[in-house]
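The values are calculated or read from the model by the stated rules, or taken from the named source; none is laboratory data. Note that the structure is a prediction, hence the values are computed from the model and not measured. Ideal geometry is used to build each Cβ from the backbone, glycine not excepted, and the neighbour counts take in all protein chains shown.
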Protein chains: 2
Amino acid sequence: MSEPLEPDFDKCDGLVPVIVQETGTGLVLMMAYMNQQAYDETRTTGRAVYYSRSRQSLWRKGETSGNVQLVKRIAIDCDRDTLLIEVDQQGGAACHEGYPSCFFREITPDGPKIVGERVFDPRDVYGKQ
Amino acid sequence: MSEPLEPDFDKCDGLVPVIVQETGTGLVLMMAYMNQQAYDETRTTGRAVYYSRSRQSLWRKGETSGNVQLVKRIAIDCDRDTLLIEVDQQGGAACHEGYPSCFFREITPDGPKIVGERVFDPRDVYGKQ
């Protein structure tokens, strides 16, 4: 394969989806997006940096909560338009709702089922509202 | 939480990204998209059905290769705009390149590194070209 192994940022308005998996446990923590700048900063610093579509700016994960993600591995898919990164999740929770994973609800025939244990109360971390 | 626990298809042009993880191993196999119809058919049949953005039609995974995905679990993220499904991958490979996972290449400081073992030769499955 002679093409350079870099994400193809041209495909999707400059963004690639990033699946974030916890190293060791294999738990899928969240999905986010990176643009070229976020990707470069992630590779340089070893900490996960995303692009927030709602805020339209770089999102240095853990800046507010302290729950930074130390990047252990970066894999890229066959089409070069999706990344899979493995991280050490500091603080034990990736989700702003206080759960280890953002995927803390299962859809079952009997209705929703919570599958994670809350690690923190979001009000303690992000301030009471 | 009183809102129904369904994917929010309105957010992203009728599509939600779906992370596909192998049950048992935790290996992340691929990422794809579902629209409402694909989601409904997946839930009804227990087999993963996606929406192909390139072909703009339903994509019944495994229709050509035989490598269907039996869905064991569906989880939804905090924003209800991403799904995580766990599947039994028939045939041992999710990727059209013949690897178990589409994420068979790692990006390392020393260059690309193949991290999966090829299960089949794509030419045998999809026909010689």
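Conditions tested, residue by residue: (1) at pLDDT below 95; (2) touching a Ser or Thr at 6+ places or on another chain (Cβ under 7 Å); (3) closer than 30 Å to B:Ser54 by Cα.
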position: A:Gln56; (1), (2), (3): no, no, yes
position: A:Trp59; (1), (2), (3): no, yes, yes
position: A:Asp79; (1), (2), (3): yes, no, yes
position: A:Gly91; (1), (2), (3): yes, yes, no
position: A:Cys95; (1), (2), (3): yes, yes, no
position: A:Gly98; (1), (2), (3): yes, no, no
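Filter region A:82-93 down to the residues that are at the interface with chain B (Cβ under 10 Å from one of its Cβ atoms) and in contact with a Pro (Cβ under 7 Å, 6 or more places away or on another chain), then identify the one that is nearest to A:Tyr39 (Cα to Cα). The residue in question is A:Leu83. Among the residues of region A:96-114, those that are within 10 Å of chain B (Cβ to nearest Cβ) and out of contact with any helix residue (DSSP H, G or I) (no Cβ under 9 Å at 6 or more places or on another chain) comprise A:Tyr99, A:Ser101, A:Cys102, A:Phe103, A:Phe104, A:Arg105, A:Glu106, A:Thr108, A:Gly111, A:Pro112, A:Lys113, A:Ile114.
What residue, among those in region A:20-68 that are among the polar types (S, T, N, Q), touching a residue at least 24 places away in the same chain (Cβ under 8 Å) and in a helix (DSSP H, G or I), is farthest from the other protein chains (Cβ to nearest Cβ)? Going through the qualifying residues, I end up with A:Gln36. Only one entry in B:Asp81, B:Asp8 is touching a residue at least 60 places away in the same chain (Cβ under 8 Å), surrounded by fewer than 17 Cβ atoms within 10 Å (Cβ to Cβ) and under 22 Å from A:Cys102 (Cβ atoms), namely B:Asp8.
Within region A:14-64, the set of residues being of a type in the set (Lys, Arg) and in contact with a Pro (Cβ under 7 Å, 6 or more places away or on another chain) is empty.
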